[in-house]
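No lab work stands behind these numbers, since they all come straight from the coordinates. On a predicted model such as this, the values are computed, not experimentally measured, just so you know. For neighbour counting, all protein chains shown are included, and Cβ atoms are generated from backbone atoms with ideal geometry for every residue, glycine included.
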Amino acid sequence: LASVDYNDLEQFALRLLWDPSKESRTPLASELACRYDLVFVDEYQDVNAAQNRIIECLSRDGASANRFLVGDVKQSIYRFRQANPSIFQELSAKWLAPGAGGETLYLSENFRSHEGILQVANTLFEGLMRPELGGVGFDHSARIQFGAPEVRQELAVQADAEPRCHFMLQVPEDPEQEVSV
């Protein structure tokens, strides 16, 4: 009885699309890349090197570039599956370099949360998230905005209301112990 798992399938796809001896895509990959008008990939912060190579093989660069990647490095959660968020960061830097023709669209509006929760999250992350700590900063473009305030008044912070969000921090007695929030 033969079986394959997800990693096997990933590697088989890579073998069909990438020729390591030539450091280039295979003829099959070139043919497939011409077939697709657009290649959309969500959660790109969680791809690994093999997945990135597969997507590169199936899409185009330069004047005929057709990749649209969605991701947020701050939300990367799959490093235990070899996800490498720096791939997304490096592509973003490359595509945004002068003359590269790339563009970043920040999707910063939140339409689900109370405005008070977003204010607390922004304040907390501005203080905690720094490139030297986790490889990612929290600048103005990363702030979460309260979306559609004109139709979500019941979720907005009111000037005369009590705080709608309470933040509680548990500080361990043992400084070597992890802090839980």
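Some observations on this one:
- Trypsin sites (Lys or Arg not before Pro) restricted to the stretch 43-147 and DSSP loop, no more than 11 other C-beta within 10 Å: R112
- Free of any chymotrypsin sites (Phe, Trp or Tyr not before Pro) that DSSP assigns to a loop and that have at most 13 other C-beta atoms within 10 Å, the longest stretch within the chain is 37-105.
- Near W18, the amide H atoms lying under 5 Å from its own belong to T26; only residues 5 or more places off or on other chains count, and H is placed 1.01 Å from N.
- Residues whose amide H comes within less than 5 Å of that of R67, counting only those at least five positions distant or on another chain, are V39, R60 (H built at 1.01 Å from N in the peptide plane).
- For the stretch 71-78, Karplus couplings with θ = phi - 60° (6.51, -1.76, 1.60), whole Hz, Gly/Pro x: x, 8, 4, 5, 9, 5, 10, 10
- Computed extension gain for L107 through L1, at 0.36 nm per residue and net of the alpha carbon distance, reaches 33.4 nm.
- Computed from Cα atoms, the angle from the helix 85-96 axis to the main principal axis of the chain rounds to 80 degrees.
- Shape category assigned to the chain from the gyration tensor of Cα positions, a/c cut at 1.5: prolate
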